[in-house]
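Just so it is clear, none of the values below were taken in a lab; they were calculated from the coordinates. All of these numbers come straight from a predicted model, not from anything done at the bench. Virtual Cβ from ideal backbone geometry, glycine too; neighbours counted across all protein chains shown.
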Amino acid sequence: MVTTKEIGDEAEDQALAFLQGQGLRLIKRNYRLAHGPRMFGGEIDLIMQGPQGLIVFVEVRARKSSKFGGAGASISFHKRKSMVYAAQQFLMRYRSPPACRFDVL
């Protein structure tokens, strides 16, 4: 029996291959910030960089069917907030943050 983790890992592998085929370079996979009693955590599946330096934060979703709106519909307000927080923390490593965007695959 295939686990949801294995399904997610396979979806990430496929997304990564697709994005690399589009000319993006992997910076970090499964970027995570720890949760703590007074700390808000965050997580981003793939962080990619485009040829012009654009940083692309990628959320990968896989669903068995689109009965409830498809993969994009599964991204809640809390998940979006978590992704933005993680992206802000990641971008703090740059003296002058590059342009960035969020993609969902």
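Key figures for this structure:
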item: Within segment 70-105, chymotrypsin sites (Phe, Trp or Tyr not before Pro) in DSSP loop having at most 16 other beta-carbon neighbours inside 10 Å; result: TYR94
item: Cα-based reach from LYS5 at 16 Å (exclusive), listing aspartates and glutamates while leaving out same-chain residues under 8 positions away; result: ASP13, GLU43, ASP45, GLU59
